[in-house]
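Everything below concerns the one structure shown next.
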Amino acid sequence: MVKILSSSSVSYCKLLQGCANAVCTFSLMLLLAGFSRDAFAQADVLTVYRGATLIDGTDHAPQSNVSILVRAERIEAIRPAAELPPAGSKVVDVSGLYILPGLINTHVHIATATTREQALSLMRRDLYSGVTAERDMAGDTRQLAELARAALLGEVAGPDIYYAALMAGPSFFKDPRTHAAARGAVAGNVPWMKAVTPQTDLHIAVAEARGTGATAIKIYADLSPELVGAITREAHSQGMLVWAHATVFPATAMQVAEAGVDSVSHAAMLAITDPPNTYAESHLHPAAEEMYTNGLGPQLPGLLQEMKRRGTILDATLFVYKDIPASNAKHPEIHPVDTLDLAARATHAAYETGVPISTGTDSEDEKNKDWSPLRDELVLLQDKAGMRPEDVIHSATAVGARTIGQYTNLGTVEPGKLADLVFLTKNPLDGVQAFSTVVLTVKRGNQFWRRDYESNDKNDQAGK
């Protein structure tokens, strides 16, 4: 049972919420003050991107030879390029290119064990790769809040950042990554890295997490089904999303889905039929292989139907499995598991069932420093999971926007939405490898030409 709030804790929680409201009001004042000098001052400047083919992220067929009219940070209109641009507008000739919504990476970690300079470098690389928004799946929210603000205000070149505060059982906080994300404090005892037990006052714990600026609670590991459900209900009651590992150890994937979380991460975890009691045990040999001995398992069809019914989004993260070896020399008696193949087959089954799939990476490619690994995730979803290119694009845009709770602003190219756009030289409907041909990213109306990244890769310019 989750502890009932005492009258004193209710008063304390109200005080916390009052403080959080004051902080939000002050932050909004600062935000408006910053934009009054920049975007608002340019509200009468109309930029027309003229002549490209539009793939808008909806079910509409591609529209050739269109003009996208952008004023300040939002899309004002979409018109045929044959129409003359309005007098006084700034015309950008994008003839022969393909326009799509900005890409959304739904699984990054830019503030776990990185310096500010390293984080800024990753953000800049991702933006110039066509990524205009990212979901950080638990890190140091002190750093994330500052980075999110700087990217939002255009002080640095980077995607908009939406991030989580993590909750897990006390045993999980032996993990060294949690200590890296709580430097200067005690992991498990801070609002963004919280150890949860049946005695935890969840109302206050969620309120404190919300006060970090987090969009969601991430449910990670070592929690019972009852606690997963209690955290989810409390987070939703306070207007926060809930992002979870597909298996929480000991809570199963079905129990996580039944708890009503908004998204689950890691497709291979859908195949775990009998999870060990802790996350740490799941990484021990031979336990790691034994979790997958039944392949996809008989529980998968029912699980996927439950996810479809609830609209639970699958953050497949095929990229993170790419370099995991499919063998175990220490335990040759156990059949080796190809986790990439397993994850791809689970993702394909989810796709065929109609489960919404988002595009997250959860890892870096040490061999490629110049492009976001999201390019590789898109190709894996197409080539390994058997998704059609148009559905991969939908996952990387509209589904990504839903995942971070921003579909009213992001994910499609429509009037009124943010001017987050990516321009390619090749048609991605012929294959998502076309995202290697990004020539221009527009984020909140600001232009970031790929050629500038190649010639100025050490700078953190806000755009041109």
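The values are calculated or read from the model by the stated rules, or taken from the named source; none is laboratory data. Quantities reported herein were computed from a predicted structural model and do not represent experimental measurements. Positions of Cβ are generated from backbone atoms using ideal geometry, with glycine treated the same way; all protein chains shown enter the neighbour counts. Ligands, DNA and RNA are excluded from the accessible area calculation, which covers all protein heavy atoms including side chains. Shrake-Rupley method; radii C 1.70, N 1.55, O 1.52, S 1.80 Å.
In this entry, K464 is excluded by the filter for residues that are assigned to a loop (DSSP other than H, G, I, E, B), among the basic types (K, R), at pLDDT 95 or above and in contact with a strand residue (DSSP E or B) (Cβ under 9 Å, 6 or more places away or on another chain). Annotation: of all residues in segment 185-226 being in contact with a strand residue (DSSP E or B) (Cβ under 7 Å, 6 or more places away or on another chain), free of Cβ contacts under 8 Å to residues at least 40 places away in the same chain and part of a loop (DSSP other than H, G, I, E, B), the one that is surrounded by the fewest Cβ atoms within 10 Å (Cβ to Cβ) is A187. Could you list all residues from segment 392-409 that are over 18 Å from T361 (Cβ atoms) and touching a helix residue (DSSP H, G or I) at 6+ places or on another chain (Cβ under 7 Å)? Matches in segment 392-409: Y407 only.
Being surrounded by 19 or more Cβ atoms within 10 Å (Cβ to Cβ) and more than 22 Å from D56 (Cα to Cα) holds for only one residue in A385, A396, A434, A419, and it is A385. Checked against (1) polar (S, T, N, Q); (2) touching a residue at least 60 places away in the same chain (Cβ under 8 Å); (3) open to solvent by 40 Å² or more (accessible area, probe 1.4 Å), S237 meets all criteria but (2). For segment 273-319, the candidate set comprises residues that are part of a loop (DSSP other than H, G, I, E, B) and in contact with a His (Cβ under 6 Å, 6 or more places away or on another chain); within that set, the residue that is nearest to R177 (Cα to Cα) is T317. Residue count for segment 428-441, restricted to those that are in contact with a Ser or Thr (Cβ under 8 Å, 6 or more places away or on another chain) and not in a helix (DSSP H, G or I): 3. Selection of helices (runs of 4 or more DSSP H) fully inside segment 87-184 by the criterion of at least 2 residues being within 18 Å of L440 (Cβ to Cβ) returns 116-127.
Restricting to segment 349-360, and then to whatever is aliphatic (A, V, I, L, M) and part of a helix (DSSP H, G or I), can you tell me which residue is surrounded by the fewest Cβ atoms within 10 Å (Cβ to Cβ)? Explain how you work it out, then say what you get.
Looking only at segment 349-360, we keep the residues that are aliphatic (A, V, I, L, M), and these are 349-350, 355, 357.
Among the residues that remain, those that are also part of a helix (DSSP H, G or I) are: 349-350.
On the way: A349: 19, A350: 24.
The selected residue is A349.
Being under 30 Å from V438 (Cα atoms), buried (at least 23 other Cβ atoms within 10 Å of the Cβ) and modelled with pLDDT under 95 is not true of A181.
Tell me, please, whether a residue that is β-branched (V, I, T), part of a loop (DSSP other than H, G, I, E, B), out of contact with any Gly (no Cβ under 7 Å at 6 or more places or on another chain) and buried (at least 22 other Cβ atoms within 10 Å of the Cβ) can be found in segment 361-368. Yes, some residue in segment 361-368 is β-branched (V, I, T), part of a loop (DSSP other than H, G, I, E, B), out of contact with any Gly (no Cβ under 7 Å at 6 or more places or on another chain) and buried (at least 22 other Cβ atoms within 10 Å of the Cβ). In the condition set (1) open to solvent by 50 Å² or more (accessible area, probe 1.4 Å); (2) touching a strand residue (DSSP E or B) at 6+ places or on another chain (Cβ under 6 Å); (3) among the polar types (S, T, N, Q), S372 is compliant with all but (1).
Residues in segment 67-91 that are buried (at least 19 other Cβ atoms within 10 Å of the Cβ) and in contact with a Lys or Arg (Cβ under 9 Å, 6 or more places away or on another chain): S67, I68, L69, A72, E73, I75, A81.
Do we find that S67 is outside any loop (DSSP other than H, G, I, E, B) and more than 28 Å from the chain's Cα centre (by Cα) in this structure? When the stated conditions are applied, S67 passes them. When the criteria are applied in full, D376 fails the requirement of being under 13 Å from N105 (Cα atoms), in a loop (DSSP other than H, G, I, E, B) and either of a type outside the set (S, T, Y) or more than 15 Å from the chain's Cα centre (by Cα) (or both). Of everything in segment 149-177 that is open to solvent by 20 Å² or more (accessible area, probe 1.4 Å) and among the aliphatic types (A, V, I, L, M), the residue that is nearest to G405 (Cα to Cα) is L152. Listed by first and then second residue, the pairs with beta-carbon distance under 6 Å, at least 6 apart or on different chains, first residue in segment 399-424 and under 14 Å from E76 (Cα atoms) and assigned to a loop (DSSP other than H, G, I, E, B), second among the hydroxyl-bearing types (S, T, Y) and modelled with pLDDT under 95, are T412/T58. For S64, the conditions (1) open to solvent by 40 Å² or more (accessible area, probe 1.4 Å); (2) modelled with pLDDT under 95; (3) of a type outside the set (K, R) are fulfilled apart from (2).
How many residues does segment 103-148 contain that are small (G, A, S), touching a Gly at 6+ places or on another chain (Cβ under 6 Å) and either open to solvent by 10 Å² or more (accessible area, probe 1.4 Å) or closer than 18 Å to E454 by Cα (or both)?
Residues flagged as small (G, A, S), touching a Gly at 6+ places or on another chain (Cβ under 6 Å) and either open to solvent by 10 Å² or more (accessible area, probe 1.4 Å) or closer than 18 Å to E454 by Cα (or both) within segment 103-148 amount to 1.
Among the residues of segment 425-461, those identified as more than 24 Å from E73 (Cβ to Cβ) and at pLDDT below 95 are E454, S455, D457, K458. Applying the condition of being among the hydroxyl-bearing types (S, T, Y) and out of contact with any Asp or Glu (no Cβ under 6 Å at 6 or more places or on another chain) to segment 248-278 and asking which residue is most open to solvent (accessible area, probe 1.4 Å) yields T273.
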